[in-house]
Every structure is written in structure tokens, then in C-alpha cells.
Amino acid sequence: MKYRDFGKTGVAISALGFGAMRLPMGGTRTGGNVDIETSVALMHQAFGLGVNYVDTAYGYCNGQSEVAVGAALQSWKDSRVYVSTKMPLWLIKSKGDGRKYLEEQMGRLKIERIDFLHLHGLKLEDWNGRLVECELMQDIEWARSGGLFEHLSFSSHDAPENMITLMDTGLFESLLCQYNLLDRRNEPAIDHAHAKGIGVVVMGPVAGGKLVTSQEVFASMAPGTQAASSPEIALRFVLSNEKVSCALSGMSSPQMVAENAAVCSRSPRLSAEEEEQVRAAFEEKKKLKELYCTGCKYCMPCPQGVNIAHCFEAMSYQVIYGNTQQARFQYGLIGDKWHEGNGADACTACGACLEKCPQNIAIPERLAEVHKVLGEGAGG
Ligand code: SF4
Ligand code: SF4
């Protein structure tokens, strides 16, 4: 495993971080429970391969990710592992809420000190508004003086210029942001962090699965690369940027852990030719995906509440990228608070959506196909 200095924190962290947001679960992903025993074994496998940074959050895996991470840390004595978690800022609505959630998080993790406490999904607007009204920093100072955390960090999906303003407060020691082969918008924020000695961890190196293809699809996309798979390329792209200390991967199988750890143990830099070839191939896939369905939602709402756009989004992972696992995962999200509505099986083929689709997609027939391939009980 390669290790990199983490800004000015004095800590060297592994180039691969364990993202504990996709732990193995029993039942459905939105309603099930984390399989603690399997998750602990997976994290121990990663720690054994040199991963020394594990990242969780209050809200991951129906709130059970922190419990699983705590269990993995308690039963691991062989090496030092740094734990990062995130305070749920969207739940901070009044004074004292920061303290309340942090105490709950400490209870779940069963540790005395969090190494990297992140403000989760920090937006400049909230920082200057709601979080001031709720006196969040008083709770943070209370936690700091009580030794509940070592380093204050933030994760963000805000505009890069807003992340820069947040970094310029001088309060944060590391930044967690999105960065991948298809999305380089945060490069100015990463550059700024590096210049100020703020550590950078990257989330979404595989773009939420959009950079994961089957081996067959990958072979046709990038015949000239030395890489074995598209996730390898995606990870190597992120780590080719020396200003990034660590790439998080949400690992849910022993095979993923082994493969990612192997990539991050070698020199990860991509050649310019490889980068260009693979980027062009993925851009091509993106266009194909839009031909399948642009996600415009003109066809919605459906009288039966079918989330048509997300059904097709899920299916595109199957038909464009050959990634059945991601396709089923995405289909299983329908019904949660971010993907409201019903699955494809609720379609009664009434035809009301047909004339609204600018792509002239045969929606009811395609929906039937989606449920057949991705619905519960589908083969594979
Ligand atoms: S055909 Fe199906 S998806 Fe379209 S409006 Fe009718 S029920 Fe909804
Ligand atoms: S209107 Fe057509 S292209 Fe737009 S989301 Fe619906 S099915 Fe997709």
C-alpha cells in the first residue's frame, strides 16, 4: 500500500480509503440491516492490506455504518487505523443539536476520539446562515476541548469557489470532495487545499458506478491500456493527482478490496494516452446512455407513481456499461427519500406517458423489460 502525507495533519494515510457507505446488507438496501459480521471481516481484510483510513457517516447504511465501523475498530489491534465520520448537518436545526448528534455518533462508534470529524455536505450558505443561528461552532469547540475529535474537516458538494471560501476560514484540516475522470470541476478546490496544506480525500472515484463496466465492455473500450478493469483506471486517474492523499472506495466484497488494494499498492499514475483514450470511451458511453433516456422527466408524473426516469437510469448501467450489480443497486433505491415513487412493476401500460417523451421511447415496454431484468427474483 502507498501512503501519502495528509496535508499538515502530520498523518500519512493510505492511498486507498475504505468508504463504509456500501457495506453488505441483509434485506433491501433501503430497508435492511448491515450484516455486521461480514462488514467487519471486509474492513479487517482492507486493514490487513494496509488501508489505514476508514470513512463513515451518521446517515450511511440506515445509520448502521458507524456501528459496523466501531465493531471493526474494536476488534482490530494489528495496526493504527484512522477513523473519519461526518456530522449530519441537515439535521442541525437548533442550538445543541451538534452536540446531541456527536454524542450519539460516539456511542455508535464506541471510541473515545474521532480522528477526522467532518461537517457533512457543508454549504457556504448554511455555514453563514442556519449553522450560525444554531451555534454549531460552540458545540464543535465543546467537543474539541473535551478531546472528542482530533482534526476538523468538511465534505462538500458546493461550488468549488464556495469550498475555497470555507477553507479560507482556517478552521479545517482536510477536505472531502468529488473528483473523477468524468468530473474535474473540483480541481481548483483541490489545488487550493494543497496550497494551504489542507489534506484532500476524494469520494466517487468511480463516479457512483458510472465508471464501472463489465470486463467485456471494458475490453472493447480501451484496447490500448495496460489496466485490467475500469475501476482500476478510475482509481489510477484520481491518484495520478499528487494533491490527492486518498481515494475512497465504497467496497462491498472481498474481491473489490483485494483488487483496489493491489492497484493502490503499485505506482498508480496513468499515462496521458491512457487517460485520453479512456476518457473518450466513457464520453461515448455517456452519449449512448442519453440516447437510451435523457432523464428529462417530461413523462412524469405517472398516474401510478412509477419513477420512470430512475427506472431507466438504473437500466442504463445494465445496457450501456454491462454493470448488473450497479443496475440492481440503483433499481433498489426507488422508494427512498431521494428516489420517490414506484418501480417499473407498478406500470399498468395506460400509455399516458408516451406522447410526452421527446425521445419517443416505448416506455411501458421498456419498463416491463427493466423489471424483468432488475426486479426482485430476476436471475443472476
Ligand atoms: S404507461 Fe405506465 S409509466 Fe406510463 S403513465 Fe401509464 S402507468 Fe405510468
Ligand atoms: S420523457 Fe423520455 S427521455 Fe425523458 S425521462 Fe421520460 S422516458 Fe426518459
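Dipole orientation for the chain: of the candidates Asn180, Val206, Asn52, Asn52 has the Cα lying most toward the positive pole (charges on Cβ; Lys, Arg +1; Asp, Glu -1). Between 0 and 90 degrees, the angle of helix 97-109 with respect to the longest Cα principal axis of the chain falls at about 90 degrees.
Each part reduced to its alpha carbon centroid, segment 282-311 and segment 142-201 end up 33 Å apart.
If you roll a 1.4 Å probe over the chain with all protein chains in place, what percent of the accessible area is carbon or sulfur? Let's see the in-between values first.
On the way: 8370 of 16690 Å².
Carbon with sulfur: 50 percent of the solvent-accessible area.
How large is the accessible surface per residue of the chain, computed with a 1.4 Å probe and reported in Å² as a whole number? Don't skip to the answer; put the middle values down first.
Numbers: 16690 Å² over 380 residues.
With the other protein chains kept in place, the chain gives 44 Å² per residue.
If you take all other residues with their beta carbon under 13 Å from the beta carbon of Val202, and give Lys and Arg +1 and Asp and Glu -1, the sum is +1.
Enter the angle in degrees (range 0 to 90, nearest 10) between the Cα long axis of helix 36-48 and the first principal axis of the Cα atoms of the chain, meaning the one along which they spread out most. Its long axis makes an angle of about 60 degrees. Rg ratio for segment 44-114: its Cα radius of gyration over 2.2 N^0.38 Å, N being its residue count, equals 1.17.
In degrees, nearest 10, range 0 to 90: what is the angle between the Cα axis of helix 187-196 and the longest Cα principal axis of the chain? Computed tilt is about 10 degrees. Taking a sphere under 15 Å around the Cβ of Cys177 and counting the other residues whose Cβ falls inside, with K and R at +1 and D and E at -1, yields a net charge of -1. Among the listed pairs Lys86/Lys210; Lys210/Lys287; Lys8/Lys243, those with a Cα-Cα distance over 23 Å are Lys86/Lys210.
The P(r) of segment 3-276 has a tail past 36 Å containing 12 percent of all C-alpha pairs. Heavy-atom accessible area, probed at 1.4 angstrom with all protein chains present, ranks Lys86, Lys77 as Lys77, Lys86, highest first.
If the reach is capped at under 12 angstrom between alpha carbons, list the aspartates and glutamates near Lys289, excluding any in the same chain fewer than eight residues apart. Partners within reach: Glu313. Note on Lys196: aspartates and glutamates with a C-alpha under 18 Å away, same-chain residues under 8 apart excluded, are Asp5, Glu161, Asp168, Glu173, Glu187, Glu242. All Cα-Cα separations within segment 293-374 were binned at 10 Å from zero, giving a P(r) of 20, 57, 23, 0, each value a whole percent of the pairs.
The values are calculated or read from the model by the stated rules, or taken from the named source; none is laboratory data. Values in this document were obtained by computation on a predicted structure and should not be read as measured data. Neighbour counts are summed over all protein chains in view; Cβ atoms, including those assigned to glycine, are modelled from backbone coordinates with ideal geometry. The area values use the complete protein model at the heavy-atom level, side chains included, leaving out ligands, DNA and RNA. Shrake-Rupley method; radii C 1.70, N 1.55, O 1.52, S 1.80 Å.
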